[in-house]
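Heads up, the thing below is written out as structure tokens.
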Amino acid sequence: MTIHQKMDAPDRRNRLDDMAQGVLSTPLDRPEGPLKVSGRAPYAHEVQPEGMLHGFFVRAPRIGRLVSIDDSIARGTAGVETVISGPKLIRNPAQGTANSAPVQPDADIYYIGQPVALVVADTFETARAAAMNVRLDIAEADRQPVNPTDYDSPEDQQSTQGDLDGAMAEAAFTVDRTYTTPAHNSAAMEPHAAIAQWDGDKLTVRSSLQMLKYNRNEIADSLGIDPANVRLLSPYVGGGFGSKLGIAPDAVGAALAAKETGRPVGVVLSRQQVFEATMRRSETKQRIRLAADADGVLSGIGHDAWVSNLPDEAFSEPVTQATPFTYGGVHRQIGHHIARVSRTCAGSVRAPGEAVGITIFEIAMDELARATGVDPVELRRRNIPEQDPTSDIPFSSHKLAEALDDGARTFGWDDTLPEPGGRREGEWLIGQGMASAVRVNALMESKARVTLQPDGTALVETDMTDIGTGTYAILTQLAAEMLGIDAANVKTMLGDTDLPPASGSGGSWGAASSGASVFLACQGVRQKIAAALETTEEDLTLKDGRAIAGNRSIPLSEVLDGPVESEGHIEPGDTGDAVRQATWGAYFCEVAVNAVTGETRVRRMHGTFAAGRIMNPKTARSQCLGGMTFGIGMALTEELMHDSRDGHIVNRDLAEYHLPVNLDVPQITVNLLEERDPWANPMQVKGIGELGICGAAAAVVNGIFQATGVRVRDLPATLDKVLAGLD
Amino acid sequence: MKPFDYARAQDVSGALDAGKIIAGGTNLLDLMKLGVETPERVVDITRLDLKRIEDHEGGLRIGALVSNSDLAVDDRVRRNYEVLSRALLSGASGQLRNMATTGGNLLQRTRCYYFQDVASPCNKREPGSGCRAKGGATRLHAILGASEHCIATHPSDMAVAMQALDASVEIEGAEGTRTVPLAEFYVLPGDRPDIETVLKPGELITAVILPAPLPGRQTYRKVRDRASYAFALVSVAGIVSVKDGVIEQAALAFGGVAPRPWRNLEVETALAGREPTRETFDAAADILLAGAEGQGGNDFKIPLLRRTFRAVLGELTQGA
Ligand SMILES: Cc1cc2nc3c(=O)[nH]c(=O)nc-3n(C[C@H](O)[C@H](O)[C@H](O)COP(=O)(O)OP(=O)(O)OC[C@H]3O[C@@H](n4cnc5c(N)ncnc54)[C@H](O)[C@@H]3O)c2cc1C
Ligand code: SF4
């Protein structure tokens, strides 16, 4: 039995509110937590089969045409089994949801750090050492420039409504500024890794990936085999942040090597390779134009974005994704421009689009607040549109105003618009900053199977992944709630393509999509129980291992004479276009800027967020904490540095790629607003994973302005940029 | 990492001329993985009896294998050499400091991005190949003491404090023991940036000797790109005594700005006998920064060093 639901209409039944177990929306600990902290949750490269060989990639040190590879020294090295090269080796990572082999321009070298060969040996050390001895003959070739210079402006990505120039000319106040954000790397703790093993035609790959349904097809397509012959396992993933949406070079390299050697092969990228050969977020240049009347009410909005990628890549950082609907103003212009460059492939990194787009827009809004003299919180309130101002559709729900109010109250926001530089404590200049949080909400097709046993235990199965976000916890809770059993009696199995195909983790859609499939599967189980009790699913209560219908209360063991199984299948439908679905929030922070050195410290930070029904306040809060931490990094420290002469990534390790460390991150508080969004899915849940980063950096940068009067428009706001404006 | 032979030294003489020394390994191993260091033979000295901190002629003798963690929390260090304790604790992370040794810290190599990337020409790694950092990413690079052949900085915090403290390095070699003041231990790059110290191949650092503590207040101020776990963009180690409203003596060393821990005695002379005013500090800073040269990406270090210098002097002399 499969319960299928396509979201063609809002689901206002709010069935989860009728459930009785009381475990959903509680801060359940992660069931796999003890395994993780005691080292018993094996990551991709940790379950090494007998006789496994190790592969290490050879890196292209120069851009150009690969004339030949001299691997004779490597092949002659004791312990080396083979050296794999050729067109099947993946040189570029695959984009999220690519579902086919990544773009493979040809056998040429398009960026420094591109993997060109895989040395396979009996130990990791031997493979790595031999890889250093592979000689590449690289000829000069005509390539894209390493720095973005020539931009295309694809027609379907430009939109104009009204007359922005006219609005700018007539406005009481305007902002017209250009900003930049640097490239970023996901920098997940677990490097990209895969172990491949063949059994005849059947390939098993243990890897660290976010979206197995697609990844399986990507691997199969790269190898030219039937996806049915590929089994992919990713039960635990040490962080992905977009970089594991599509496959990286490791899985295909390992599979090719395993085929050739007849032995299992493991490939793990070095930290330097993670930086060079997996997705980066494109650097962006953004021009924001704002036209407002004397009260700060917007009449016009312009947002132009310039980004880059390798030739032929379809992905283009969707910087302006949320601009069309965030604030009102009838005159609107959106532009998107892309340059083709010889740099590491650009793809999804931590909330593609809004992470950098909303951040910059919210800095511009702060500039408008200063220009108009309107308190920044109030300015945003005044510009919340009634409905999506671009496509004239209603919002499924809109919580920005509430988030602004709740956040300001919780933080203790001073709404008097204090003079910049007015508050000093010793060497430190103190300021407050705020920004709105906005992220589009999406639903993806997802399937799951749920089996309930007469003894009151249940099994949840889906090829969904838990990339450290809490998926095991929420799916466990959800099934426990729906089936009226203790969470400890639910076992959730994830990360195996033998299980029903799920949405995967990405774009914040995981909880809603995969959750909805588990919800539907549980409904199927409930229907069967209801039928056995000759009642309806709606009239059935399941609680503490008992089925309650009317005045009867019967233990499950008496109702069921065997396991009850059902599948759930959710599909996105018309609700995706009929309304504008988004998640909302607001950030507030206090920063201290050192008047001597320009160093910025965030002293405290608060975020209030609304993302539909919250399935687990603990894991949801953790997502927001993580997002805001990334926001602090984006504001102050994080920058992938490309050499301006050859485009290579200069800071290729965690010592020099500056993610925020504990001392950079102050006490952060999070409030989650109560919300039900019937348009989203039958659970009224929306995505929260990325919301915490979508604008967070702006709060910090705006705080720096208030503390010092220095407006940093090129992120990150490293001390030299602040210093330049201090006396 | 190139395959290598491994030996464990049983005594000091067994470590001499025996191969590439490994102590905590926190720098050497990373560089071996990158192919920057390619020793044929590695000699592990961690079993040697060089882990003691002893009283020595009114000062301290610090064994070369004393860990950065242990040294930072030693009572005598905290009491008399606060600048050193602070410098150590500002470096790296707790885990790294547990492994890092006194000798290894002095000899850690530059963090220049191009030095660490074997695909880039680098005069320090491969003399004569060129300096790729010039015209490239230079945020970490030097404004003082650099040459046209190399603009790298020495990354140590500990050594900067030791430089201000007039430490010397005890070296064991085939010809016996010698003691070299830190001021003479490091050499400037000139046209041979691969030569960083006067240590001869095969020699072993056995200890660092601190003279009796100087009077006055001490501090170490490190300015960096994040609050912790980043190398210094600029750092100042200072020991300053004030008497009757004038600076009696100042010992100052600077990190993050030069190919070695930087000290300029003229700066100290310019401060001695003067009232601790902004004019005095600026005049001394003028001497410090005379000849300072930015590379583009690190130009900000020139004003940053001046500001940090003034702030440290202000802090050490205020109310004294
Ligand atoms: C991520 C990261 C961040 C860091 N941040 C900082 C920082 O902020 N500030 C800072 O100061 N440092 C920092 N460090 C560097 C750290 O302090 C050094 O790596 C450490 O001090 C080196 O000591 P070790 O004992 O591990 O040296 P090893 O790696 O064992 O050796 C380093 C060098 O010294 C030689 N050597 C070691 N002992 C002797 C001896 N007794 N005689 C002769 N030669 C010897 C070795 O042959 C080798 O060439 C950081 C390091 C890392 C990896
Ligand atoms: S600055 Fe020195 S270490 Fe860096 S590339 Fe140039 S020569 Fe090499």
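The values are calculated or read from the model by the stated rules, or taken from the named source; none is laboratory data. What you see is a predicted model, and the numbers here were worked out from it, not measured in a lab. Every residue, glycine among them, receives a Cβ derived from its backbone with ideal geometry; neighbour counts consider all protein chains shown. Ligands, DNA and RNA are excluded from the accessible area calculation, which covers all protein heavy atoms including side chains. Shrake-Rupley method; radii C 1.70, N 1.55, O 1.52, S 1.80 Å.
Structure notes:
- Unique match (being more than 14 Å from chain A (Cβ to nearest Cβ), hydrophobic (A, V, I, L, M, F, W, C) and within 16 Å of ligand 2 (Cβ to nearest atom)) among B:Val180, B:Val187, B:Val198: B:Val187
- The set of residues in the range B:1-17 that are in a loop (DSSP other than H, G, I, E, B) and away from ligand 1 (no atom under 11 Å from the Cβ) comprises B:Met1, B:Lys2, B:Pro3, B:Phe4, B:Gln10, B:Asp11, B:Asp17.
- Those strands (runs of 3 or more DSSP E) of the range A:120-213 in which at least 1 residues are aromatic (Phe, Trp, Tyr), considering only elements entirely within it, cover A:173-181, A:193-199.
- Restricted to the range B:139-152, and to residues there that are more than 8 Å from ligand 2 (Cβ to nearest atom) and within 14 Å of chain A (Cβ to nearest Cβ), the residue that is most open to solvent (accessible area, probe 1.4 Å) is B:Arg139.
- Applying the condition of being more than 7 Å from ligand 2 (Cβ to nearest atom) and not hydrophobic (A, V, I, L, M, F, W, C) to the range B:122-137 and asking which residue is surrounded by the most Cβ atoms within 10 Å (Cβ to Cβ) yields B:Gly136.
- Strands (runs of 3 or more DSSP E) contained entirely in the range A:347-466, each with at least 1 residues that are open to solvent by 10 Å² or more (accessible area, probe 1.4 Å) and aliphatic (A, V, I, L, M): A:428-440, A:458-461
- Qualifying residue in the range B:277-294 (condition: in contact with a Ser or Thr (Cβ under 6 Å, 6 or more places away or on another chain) and in contact (Cβ under 8 Å) with a residue 24 or more places away in the chain): no
- Residues (of a type in the set (A, V, I, L, M, F, W, C) and either within 10 Å of chain A (Cβ to nearest Cβ) or more than 9 Å from ligand 1 (Cβ to nearest atom) (or both)) located in the range B:33-49: B:Leu34, B:Val36
- Filtered residues of the range A:102-114 (kept if surrounded by 21 or more Cβ atoms within 10 Å (Cβ to Cβ) and either among the small types (Gly, Ala, Ser) or within 14 Å of chain B (Cβ to nearest Cβ) (or both)): A:Ile109, A:Tyr111, A:Ile112, A:Gly113, A:Gln114
- With respect to the conditions (1) open to solvent by 10 Å² or more (accessible area, probe 1.4 Å); (2) within 14 Å of ligand 1 (Cβ to nearest atom), B:Ala119 lacks only one, and its number is (2).
- Residue among B:Val77, B:Val118 that is assigned to a loop (DSSP other than H, G, I, E, B) and either among the β-branched types (Val, Ile, Thr) or at pLDDT below 95 (or both): B:Val118
- Residue within the range B:236-245 that is away from chain A (no Cβ under 14 Å), within 16 Å of ligand 2 (Cβ to nearest atom) and crowded, with 21+ Cβ neighbours inside 10 Å present: no
- In the range B:67-93, the residue that is nearest to ligand 2 (Cβ to nearest atom) out of those that are of a type in the set (Gly, Ala, Ser) and in contact with a helix residue (DSSP H, G or I) (Cβ under 7 Å, 6 or more places away or on another chain) is B:Gly91.
- Qualifying positions in the range A:608-660 - facing another protein chain (nearest Cβ under 8 Å) and in a helix (DSSP H, G or I): A:Leu636
- The condition (being touching a Ser or Thr at 6+ places or on another chain (Cβ under 7 Å) and surrounded by fewer than 24 Cβ atoms within 10 Å (Cβ to Cβ)) is satisfied by just one residue among B:Pro155, B:Pro213: B:Pro155.
- Candidate set from the range A:76-94 (those that are without any contact (Cβ under 8 Å) to a residue 40 or more places away in the chain and open to solvent by 50 Å² or more (accessible area, probe 1.4 Å)); member that is farthest from A:Ile219 (Cα to Cα): A:Gly76
- Each residue in the range A:598-607 was checked for being crowded, with 24+ Cβ neighbours inside 10 Å and either in a loop (DSSP other than H, G, I, E, B) or under 17 Å from the mean Cα position of the chain (by Cα) (or both), and 1 of them qualify.
- Within the range A:100-115, the set of residues being over 28 Å from the mean Cα position of the chain (by Cα) and within 25 Å of A:Ile73 (Cα to Cα) comprises A:Ala107, A:Asp108, A:Ile109.
- Annotation note: of B:Val223, B:Val160, the sole residue that is touching a strand residue (DSSP E or B) at 6+ places or on another chain (Cβ under 9 Å), within 14 Å of chain A (Cβ to nearest Cβ), touching a residue at least 24 places away in the same chain (Cβ under 8 Å) and within 13 Å of ligand 1 (Cβ to nearest atom) is B:Val223.
- Boolean, B:Arg78 is more than 10 Å from ligand 1 (Cβ to nearest atom), closer than 24 Å to B:Ala251 by Cα and surrounded by fewer than 21 Cβ atoms within 10 Å (Cβ to Cβ): yes
- Condition met for B:Leu29 (more than 30 Å from A:Asn133 (Cβ to Cβ) and not polar (S, T, N, Q)): no
- Selected residue [open to solvent by 30 Å² or more (accessible area, probe 1.4 Å), on the phi < 0 side of the Ramachandran plot and of a type in the set (Asp, Glu)] from A:Glu534, A:Glu590, A:Glu538: A:Glu538
- If the condition is being open to solvent by less than 10 Å² (accessible area, probe 1.4 Å) and within 14 Å of another protein chain (Cβ to nearest Cβ), then the range A:681-717 contributes A:Val700, A:Val712, A:Leu715, A:Pro716, A:Ala717.
- Condition check for A:Thr637 on (1) over 30 Å from A:Asp415 (Cβ atoms); (2) open to solvent by 10 Å² or more (accessible area, probe 1.4 Å): one failure, at (1).
- Out of B:Ala64, B:Ala137, sole residue that is within 16 Å of ligand 1 (Cβ to nearest atom) and modelled with pLDDT of 95 or more: B:Ala64
- Matching residues, the range B:6-32, being exposed (fewer than 15 other Cβ atoms within 10 Å of the Cβ) and either within 14 Å of chain A (Cβ to nearest Cβ) or in contact with a Phe, Trp or Tyr (Cβ under 9 Å, 6 or more places away or on another chain) (or both): B:Tyr6
- All positions within the range B:271-294 that are farther than 24 Å from B:Ser156 by Cα and open to solvent by 20 Å² or more (accessible area, probe 1.4 Å): B:Ala272, B:Gly273, B:Arg274, B:Glu275, B:Pro276, B:Thr277, B:Arg278, B:Glu279, B:Asp282, B:Ala283, B:Asp286
- Criterion violated by A:Gly585 - all others in (1) open to solvent by 10 Å² or more (accessible area, probe 1.4 Å); (2) under 20 Å from the mean Cα position of the chain (by Cα); (3) farther than 25 Å from A:Asp18 by Cβ satisfied: (1)
- Residue count, the range B:143-157 (criterion: within 16 Å of ligand 1 (Cβ to nearest atom) and over 25 Å from A:Gly647 (Cβ atoms)): 4
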